[in-house]
Amino acid sequence: MAVNVKPLGDRVLVQPLEEKEVIKGGIIIPDSAKEKPQEGKVVALGTGKTDEKGNKVDFTVKVGDRVLISKYGGTEIKVDDASYLIMREDDILGILG
């Protein structure tokens, strides 16, 4: 499904990946007590940034990459009832697998 959000500059649109909920002993954890996901999938890339000399700097990540993100990084937005994060590429901690 295509998202109609195009990040600008060195920003990246990431869809957080929800962790599978495991219930042990019949205890249900409410959504407000769950930790924010730290994994996400890159959905869209911005226009890129330029260095001091005006040369375009390529992104390290690409669309479709599973990435490790900081717990409270980025700005959360909702598009068609789906949650996304817009963050700078520098806020991505690493590429998974």
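Only the coordinates and a few stated rules stand behind these numbers; no lab work does. Given the structure is predicted, the values throughout are model-derived calculations rather than measurements. Neighbour counts are summed over all protein chains in view; Cβ atoms, including those assigned to glycine, are modelled from backbone coordinates with ideal geometry.
Using the Cβ-Cβ distance between THR75 and ASN55 with R0 set to 22 Å, the FRET efficiency works out to roughly 0.20. Taking other residues whose beta carbon is less than 12 angstrom from the beta carbon of THR50, and scoring Lys, Arg as +1 and Asp, Glu as -1, yields -1. Across segment 44-61, rounded Karplus estimates of 3J(HN,Hα) from the backbone phi angles (6.51 cos²θ - 1.76 cosθ + 1.60, θ = phi - 60°) give 8, 10, x, 7, x, 10, 10, 7, 4, 8, x, 7, 6, 9, 6, 6, 7, 8 Hz, Gly and Pro being marked x. Stretched out straight at 0.36 nm per residue, the stretch from ALA82 to LYS62 would grow longer than its current Cα-Cα span by 5.1 nm. Ordering 61-72, 80-91 by mean Cβ neighbour count within 10 Å, with the highest value first, yields 80-91, 61-72.
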